[in-house]
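For reference, the structure discussed in these notes is given below.
Coordinate-derived values only; no laboratory data. Everything numeric here is computed off the predicted structure, so don't read it as measured data. Cβ placement follows ideal geometry from the backbone for every residue including glycine, while neighbour counts extend to all protein chains displayed.
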Amino acid sequence: NIADPLTPVRTGYYDTFPSAQDDDFRGAWGVYPYLPSGTVLVSDRNTGLYVFDVSAAIVSTPELNTNIKSISIYPNPSSYKINIAFENPTRENYTLVVIDLQGKIVRKISNITSNKIEFKNDNLQSGIYFIQLKSVKKILSGNFVIE
């Protein structure tokens, strides 16, 4: 919170590269908090782009997927439907959030307990989209292209 620029207050924290705390140049290098939606974009040199909804504070930080193979999106690019596969051996409850390049949430699907989602991209324009699969314990992220 920088309501008073002379005394900024940390209101949230998210480590995009928690596996190493060395003094090498890993982690977030760019943050863009100026989207009209209030969404914050964070660019990480090692793990890619993160899209955050910072409208609500959270008490605990979910585990971030650092293994890019933990989520599979195919076919990509696609013109009709996308399959999203991920590890979910305990049938944890996930919510799928689809975000366009402007940071707008264009689709939200709740109560996903399987390990595979068939996402029909009807009514979405051609372009790049980001996804987040959120549970209480994890956030999995990826992107896809609609032709």
*asked:* Just want the ordering: 107, 10, from fewest to most Cβ atoms lying within 10 Å of their own Cβ.
replied: 10, 107
_Given points 7 Å out from each Cα along the Cα-Cβ axis, report the residue 145 to residue 54 separation in nanometres with one decimal._
3.0 nm
*Report the extension gain between residue 91 and residue 45 in nm, rounded to one decimal, defined as 0.36 nm multiplied by the number of residues separating them, less their alpha carbon distance.*
13.4 nm
*Please give, to one decimal in nm, the separation of the simple spin-label points placed at residue 136 and residue 9, each 7 Å out from Cα toward the Cβ.*
2.9 nm
*First select every other residue whose beta carbon is under 12 angstrom from the beta carbon of residue 37; then total the charges, Lys and Arg +1, Asp and Glu -1.*
-1
*Under 18 Å from the Cα of residue 138, which lysines turn up, not counting those fewer than eight places away in the same chain?*
69, 108, 116
